[in-house]
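Trainee: I am attaching a structure below and will ask some questions about it afterwards.
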Amino acid sequence: MNDITSPELKERQHNGTAPVIIDVRETWENEESRINGSRNIPLGELPGKLDELEDLKHQEIVVHCKSGGRSASAKAFLVQHGFDHVRNLIGGMQGYQQA
């Protein structure tokens, strides 16, 4: 599935059609700044959380980190485990804050 831009995500949040948003940054990073409505699951903890995310396998999920590197890894991991609508937030939190 194609990745998503910050303006597109913000528009969808504004319209009430936002996907599930997972922040794969560390907890301390999430505490400094976060996207409203996002769920924080640090990348290193993602493998242990797959059972909790099972209900989301066929829903649209946007993953993000600071700039897009960790979330690209998270996207690949989730897709490998059967999640079929995963998108990476292009530019990560930095891009989101600038949009």
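The values are calculated or read from the model by the stated rules, or taken from the named source; none is laboratory data. Remember, predicted model here, so these are calculated numbers, not experimental data. Here Cβ is always computed from backbone atoms with ideal geometry, including for glycine, and neighbour counts include all displayed protein chains. Ligands, DNA and RNA are excluded from the accessible area calculation, which covers all protein heavy atoms including side chains. Shrake-Rupley method; radii C 1.70, N 1.55, O 1.52, S 1.80 Å.
Trainee: Out of D23, D55, D84, D51, I need the residue that is open to solvent by 50 Å² or more (accessible area, probe 1.4 Å) and under 20 Å from L9 (Cα atoms). Which one?
Mentor: D84
Trainee: So, in segment 1-20, exactly how many residues are free of Cβ contacts under 8 Å to residues at least 60 places away in the same chain, surrounded by 14 or more Cβ atoms within 10 Å (Cβ to Cβ) and not in a helix (DSSP H, G or I)?
Mentor: Residues meeting the conditions: 2.
Trainee: Can you name every residue in segment 42-73 that is more than 18 Å from Y96 (Cα to Cα) and either of a type in the set (K, R) or within 9 Å of the chain's Cα centre (by Cα) (or both)?
Mentor: K49, K57
Trainee: Another question, then. Kindly evaluate G68 against the criterion of being in contact with a Gly (Cβ under 9 Å, 6 or more places away or on another chain) and small (G, A, S).
Mentor: Values: in contact with a Gly (Cβ under 9 Å, 6 or more places away or on another chain): yes; small (G, A, S): yes.
It is true that G68 is in contact with a Gly (Cβ under 9 Å, 6 or more places away or on another chain) and small (G, A, S).
Trainee: When both residues are 6+ apart or on different chains and their Cβ atoms are under 8 Å apart, which pairs have a first residue that lies in segment 40-68 and is among the hydroxyl-bearing types (S, T, Y), and a second that is part of a helix (DSSP H, G or I)?
Mentor: What qualifies is S67/G92; S67/M93; S67/Q94; S67/G95.
Trainee: Starting from residues that are among the hydroxyl-bearing types (S, T, Y) and in contact (Cβ under 8 Å) with a residue 24 or more places away in the chain, keep the ones in segment 26-39 and report whichever is most open to solvent (accessible area, probe 1.4 Å).
Mentor: Residue satisfying both the conditions and the ranking: S33.
Trainee: Okay, next question. Would you mention how many residues in segment 58-81 are under 18 Å from T17 (Cα atoms) and open to solvent by less than 60 Å² (accessible area, probe 1.4 Å)?
Mentor: Qualifying residue count, segment 58-81: 5.
Trainee: Could you go through segment 27-37 and let me know if any residue there is of a type in the set (S, T, Y) and under 11 Å from the mean Cα position of the chain (by Cα).
Mentor: no
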